[in-house]
Each structure stands twice: as C-alpha cells, then as structure tokens.
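The values are calculated or read from the model by the stated rules, or taken from the named source; none is laboratory data. Please read these numbers as outputs of a predicted model, since none were measured by experiment. Glycine also receives a Cβ, built like all others from the backbone with ideal geometry; neighbour counts cover every protein chain displayed.
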Amino acid sequence: MKNTFLKRAHFFFTSLFIVSIHLPFVFANTKQAEVIAVSSPRFVSLSGTVAAISNKTASVFEMLELGSAGLSEEAFNAAMKGYEYLREKGKLQKQDIISIIDFTRSSAKKRLFVIDLKNCKTLFCTYVSHGQGSGEEYATKFSNIPESYQSSLGFYITEGTYSGKNGYSLHLDGQEKGINDNAEERAIVIHGAPYVSETYIRDHGYIGRSWGCPAVPEKLNKPIIEKIKNGSCVFIYGNNRKYLSRSKILNS
C-alpha cells in the first residue's frame, strides 16, 4: 500500500514538473499566434506590386467586385503595377486615384473605372470612346502617330484643364516613349461627347468614336475631370502583344 502511494506521488510530481517546463512555451506560442491574427496585415501581390490590405479582406479588385462590373483582372493588375512604378518615381501628385480604361470590352459596355484607392471605392464606372482608326465596336488597332485617329495604350498622368471646342477638357501626359508620348501633339485629352451615351448605343449598337481621345458622357465629363485632374494615373489597357512586350513600365 505504501509503495503504491509513493508511486502515485512520484508520477504526480514528475508530471507537474514536465508541465511547468513546457507551459511558458505553450503560452508564448499562443501569444504569438494571437498577435499574427490580430495585427498582421494581409499582403496581396499584384503582378509585382505589393498592396497592404486590412485583415479578412481580399484585394481591391475583389473587394470592389470589379470583375463583376466588367473590368478584367489582367487590366487591373497591369494598372496597379504601372501605378506603383509611377508612384515610386515621384510622378504622381494625386496618389489616391487611378483611372483604368479596358479596351478589351465592347464600346457598348462600361469600360472606364475611376477608383479611390485610399477609401477603396469605385467613383465612376461608365462608357468611354476609342479612336475612329482603332475599330468600330471594339478597339483593336493602336497608334502614337499624329493624324492616325487611333487610340494609344499605356500610362498617362493627368494635367490641367481647359475649355475648348469639346468643352471642359483635361490634358494627358503620355508616359511611354514611342507608345503614347505624342499625346500632347495629337491633342489626346479627356472631354465629353454626345456620341458617348446609351441613346447612341440603342441607335447604333455601340458608342461613337473620337479622333483618338478617351471621350466620356457629357453629364459625367466635369465630375470625372474634377476628381482625376492634376497628377493622377490613367491607364488604357488593350490585350495587345506589341504593347505588352514594348512597355518598359510593365516590364520594369
């Protein structure tokens, strides 16, 4: 009986000793796990760009349901990579806004997306024209050459405004040499146009075309320009192998 008691006592104190040794490590691991779960931000890779997103959220693309709205993920990823490149170069005075035009879509569809990155909001989702020389319903041809009447792909930075023959307009500065750097010479600007409307789509099957400018609906012209003017990024995307291979920004 005495031996049994001693054995049980020995087992009890031995177990207590082992637990006392491992207990600090158990709490340390638990504490570390809690810190990671609570305070560690989620990082989402966007084709070379790393964006910190708060816990339990997906990328901006998913959060804003941009895919459901019609923006291709390829266009968004490319836009964000170029945005980050321009931001790191110190070229963006207005870093909270990005505008993406997805020319892989029919012009009868909304394909201009103005996004507030700071507050994670889609500010505008609307129609936008391509150039007469780029195609009818779809934009398939692109050029940087004056008098081509074609759209130019790539990254732009918005500048100041002016009032011209197309009303309130916004200058664009093309950032890609040989791709869109003739924007000023070609007078490629953002302006409103009556042929960018749902009425025109009902009558013709797609919106009208410009001489190369990304024209927007007249009723949204001023609100869009006021939001993106003076130093924000504009990206015009097309699934064009020549552009994708030539763009130094996307291949940086």
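A few remarks follow.
- Considering segment 81-91, and only residues there that are among the basic types (Lys, Arg) and assigned to a loop (DSSP other than H, G, I, E, B), the residue that is surrounded by the most Cβ atoms within 10 Å (Cβ to Cβ) turns out to be Lys91.
- For segment 60-80, residues that are within 13 Å of Ile115 (Cα to Cα), in contact (Cβ under 8 Å) with a residue 40 or more places away in the chain and part of a loop (DSSP other than H, G, I, E, B) total 2.
- Which listed residue, of Gly160, Gly133, Gly154, is in contact with a His (Cβ under 8 Å, 6 or more places away or on another chain) and assigned by TED's automatic domain parsing to the domain that holds Asn180: Gly160
- Close pairs (7 angstrom Cβ cut-off, 6 or more residues apart or separate chains): in contact (Cβ under 8 Å) with a residue 12 or more places away in the chain in segment 240-252, part of a helix (DSSP H, G or I) anywhere: Ile249/Gly82; Ile249/Tyr85; Leu250/Ala78; Leu250/Lys81; Leu250/Gly82; Leu250/Leu244; Ser252/Tyr85
- Entry remark, segment 156-189: residues being closer than 25 Å to Ser247 by Cα, in a strand (DSSP E or B) and free of Cβ contacts under 8 Å to residues at least 40 places away in the same chain number 4 in total.
- Conditions (1) over 19 Å from Ala75 (Cα atoms); (2) outside any loop (DSSP other than H, G, I, E, B); (3) not small (Gly, Ala, Ser); number of the one not met by Tyr243: (1)
- Any hit, segment 135-142, residues being more than 22 Å from Lys227 (Cβ to Cβ), under 23 Å from the mean Cα position of the chain (by Cα) and of a type in the set (Ser, Thr, Tyr): yes
- Hey, Ala215 within 26 Å of Leu92 (Cα to Cα) and not hydroxyl-bearing (Ser, Thr, Tyr) or not: yes
- Residue in segment 198-205 that is in contact with a strand residue (DSSP E or B) (Cβ under 8 Å, 6 or more places away or on another chain) and either in the same structural domain as Cys125 (by TED's automatic domain parsing) or more than 20 Å from Phe103 (Cα to Cα) (or both) present: no
- Residues that are touching a Leu at 6+ places or on another chain (Cβ under 8 Å) and among the polar types (S, T, N, Q) number at least 1 in the following strands (runs of 3 or more DSSP E) confined to segment 92-155: 97-102, 121-126.
Here's the yes/no breakdown for (1) in a helix (DSSP H, G or I); (2) in contact with a helix residue (DSSP H, G or I) (Cβ under 8 Å, 6 or more places away or on another chain); (3) under 25 Å from Ser72 (Cβ atoms); (4) not β-branched (Val, Ile, Thr):
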position: Gly192; (1), (2), (3), (4): no, yes, no, yes
position: Ile207; (1), (2), (3), (4): no, yes, yes, no
position: Gly212; (1), (2), (3), (4): no, yes, yes, yes
position: Lys222; (1), (2), (3), (4): yes, no, no, yes
position: Gly231; (1), (2), (3), (4): no, no, no, yes
position: Val234; (1), (2), (3), (4): no, yes, yes, no
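- Yes/no for Ile249 being in a loop (DSSP other than H, G, I, E, B) and touching a strand residue (DSSP E or B) at 6+ places or on another chain (Cβ under 7 Å): yes
- Any hit, segment 184-193, residues being of a type in the set (Asp, Glu), over 19 Å from the mean Cα position of the chain (by Cα) and modelled with pLDDT of 95 or more: yes
- Restricting segment 152-183 to residues that are among the acidic types (Asp, Glu) and under 19 Å from the mean Cα position of the chain (by Cα), the residue that is surrounded by the most Cβ atoms within 10 Å (Cβ to Cβ): Glu176
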